[in-house]
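Bear in mind that the values in this text are calculations on the coordinates, not laboratory data. None of these values were measured; they are calculated from a predicted model. Counting neighbours? That spans all protein chains shown, and the Cβs are built from the backbone with ideal geometry, glycine included.
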């Protein structure tokens, strides 16, 4: 069963990633271009990851959890880099690894869901 809420969240994440990436490419100064671009890349990749988890009917609840972890992690990571770059909030450097850990947890959950599905 498709998780519609996760699809919506993934789609909004993807849209925000494109906005941040476009700003990085066309409006950002050279000193903030790299962190904005990196954040946008991770956020967009994990929006697609979340979408795949949301529509994979064989993954069950664990795959949906994986999607939420990946999408939330991509958002946290991307926004923390944006806050550092755009607002100079250096304290957000402590938040970025939380986003990274969420993304990693999402991938590990997806691997577990695939392993569980194969055994069934």
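Tabulated results
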read-out: Cα-based convex hull volume of the range 72-120 per residue, rounded to whole Å³; value: 43
read-out: Estimated FRET transfer efficiency (residue 107, residue 26; beta-carbon r; R0 41 Å; 0.05); value: 0.85
read-out: The range 18-44 versus the range 63-120: alpha-carbon centroid distance in Å; value: 18
read-out: Burial order of peptide ranges 2-9, 63-70, 101-108 (average beta-carbon count within 10 Å, highest first); value: 63-70, 101-108, 2-9
read-out: Nearest 10 degrees, 0 to 90: helix 60-87 Cα axis against the chain principal axis; value: 0
